[in-house]
Amino acid sequence: MGWIGVDFDGVLAVRVAEQGSRLGKPIVPMVSRVKDWLRDGYEVRVFTARAGDRQQVKLVKKWLKDNGLGDLVVTNIKDEGLIELWDDRAVRVVSNTGAPCSSCAGYSRLSRQDIKTDC
């Protein structure tokens, strides 16, 4: 079936300034969504830059358990099994074209063009 990737800071947990080892409070609608996916049988992995540091992985895993999400995989590696990625910084691109998705409502802050994103 594949897996759903969910970013941590700014998606599952409120992003905090100068976060280091500090983890933000849960973003309740997203935590609820992940619980629903898990209940429906989907595999969910936390896709975060924090996965590059073993201590950060331990902190995230504790946060996940403390917030009712159990023992999810914490990674920073995509593979062919990834079916969706939920992230607050991604710009959606039409597959095999390099073109930004034209049906999205937002924009890219890094381009002079009116590039659409998902939010």
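The values are calculated or read from the model by the stated rules, or taken from the named source; none is laboratory data. Values in this document were obtained by computation on a predicted structure and should not be read as measured data. Counting neighbours? That spans all protein chains shown, and the Cβs are built from the backbone with ideal geometry, glycine included.
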Neighbours by Cβ (under 7 Å, 6+ apart or cross-chain): first from segment 42-71, within 24 Å of Gly2 (Cβ to Cβ); second of a type in the set (Gly, Ala, Ser): Arg45/Gly5; Phe47/Gly5; Val57/Ala51; Leu64/Gly70
Restricting to segment 42-86, count the residues that are in contact with a helix residue (DSSP H, G or I) (Cβ under 7 Å, 6 or more places away or on another chain), assigned to a loop (DSSP other than H, G, I, E, B) and of a type in the set (D, E, K, R). 1
Options Asp79, Asp66; residue that is out of contact with any Lys or Arg (no Cβ under 9 Å at 6 or more places or on another chain), within 18 Å of Asp9 (Cβ to Cβ), acidic (Asp, Glu) and in the same structural domain as Val16 (by TED's automatic domain parsing): Asp66
Can Val91 be described as surrounded by 18 or more Cβ atoms within 10 Å (Cβ to Cβ), assigned to a loop (DSSP other than H, G, I, E, B) and touching a Ser or Thr at 6+ places or on another chain (Cβ under 6 Å)? yes
One residue is enough: does segment 48-71 have a residue meeting the conditions surrounded by 17 or more Cβ atoms within 10 Å (Cβ to Cβ), at pLDDT below 95 and among the hydroxyl-bearing types (Ser, Thr, Tyr)? no
Per the filter on segment 100-119, residues over 15 Å from the mean Cα position of the chain (by Cα), surrounded by 12 or more Cβ atoms within 10 Å (Cβ to Cβ) and either modelled with pLDDT of 95 or more or not in a strand (DSSP E or B) (or both) are Cys101, Cys104, Gly106, Tyr107, Ser108, Ile115, Lys116, Thr117
Could you please find all residues in segment 11-23 being small (Gly, Ala, Ser) and at pLDDT below 95? Ala17, Gly20, Ser21
Could you give every pair whose Cβ atoms fall below 9 Å, whose first residue belongs to segment 28-41 and is part of a helix (DSSP H, G or I), and whose second residue is acidic (Asp, Glu), counting only separations of at least 6 or pairs across chains? Trp37/Glu43
